[in-house]
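For reference, the structure is listed below as structure tokens.
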Amino acid sequence: MNETGADQPQVSRERWVTPETLRSMTFPRAPLVRRGYSEEAVHDALRRCAQALTALTKENDRLRADMQRHRDWIRANNIGDGSSLTGVPPVDAVLQQARAQQSAEQTITAAREQARNMVRAARAQAEAILQQRWVQAAQPSESDQEEIERLFS
């Protein structure tokens with residue numbers, strides 16, 4: 001069984017035809033009445049090569065299907081951003097994102113504090129202006145004083 005739980009055909013590596021096996025292959029000479037190699041030996045070698053090629057093609061197809069299934073599973077589970085082979089973002093990207101988040105939080109905190117200070121200053125200024133108007137309203141000005149004297153006379 002493989003990782004997926006499916007039965008996997010066991011192909012022995014000894015039966016596979018390697019490039020070295022093909023290079024070292026020899027065929028017996030044909031009988032004296034014919035020229036070339038023995039047809040039976042050549043056909044036997046071709047059969048073994050075809051079997052090995054078939055087994056390799058099947059294994060390659062199975063591996064490609066497994067790889068595609070794994071890619072689909074990674075996409076379906078939204079693992080990573082898809083830029084890396086493992087689906088996990090690189091450490092540098094994670095650290096950079098953490099620094100950017102920390103910088104954003106510091107900027108927001110500073111902006112809130114500055115806004116609080118501006119509101120406090122505006123309230124203090126408004127109170128000072130109101131206080132000044134109350135004092136002015138309690139003390140008559142020279143023109144008001146002259147008006148009051150004229151009315152008394």
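The values are calculated or read from the model by the stated rules, or taken from the named source; none is laboratory data. Since the model is a prediction, treat every value here as computed from it, not as a measurement. Positions of Cβ are generated from backbone atoms using ideal geometry, with glycine treated the same way; all protein chains shown enter the neighbour counts. Accessible surface areas use protein heavy atoms only, side chains included; no ligands, DNA or RNA. Shrake-Rupley method; radii C 1.70, N 1.55, O 1.52, S 1.80 Å.
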### Summary
Sorted by chain and number, the residues with a modelled amide H under 5 Å from that of Tyr37, at a separation of 5 or more or across chains, are Ala30
### Task
Go through 41-52, 63-74 and give me the packing order, highest mean Cβ count within 10 Å leading.
41-52, 63-74
## Note on the structure
Ignoring ligands and nucleic acids, Ser24 exposes an accessible area, probe 1.4 Å, in Å² to the nearest 10, of 80
### Task
Could you calculate the contour length gain from Asn60 to Arg116, that is, 0.36 nm times the residue separation minus the distance between their Cα atoms, to one decimal place in nm?
13.4 nm
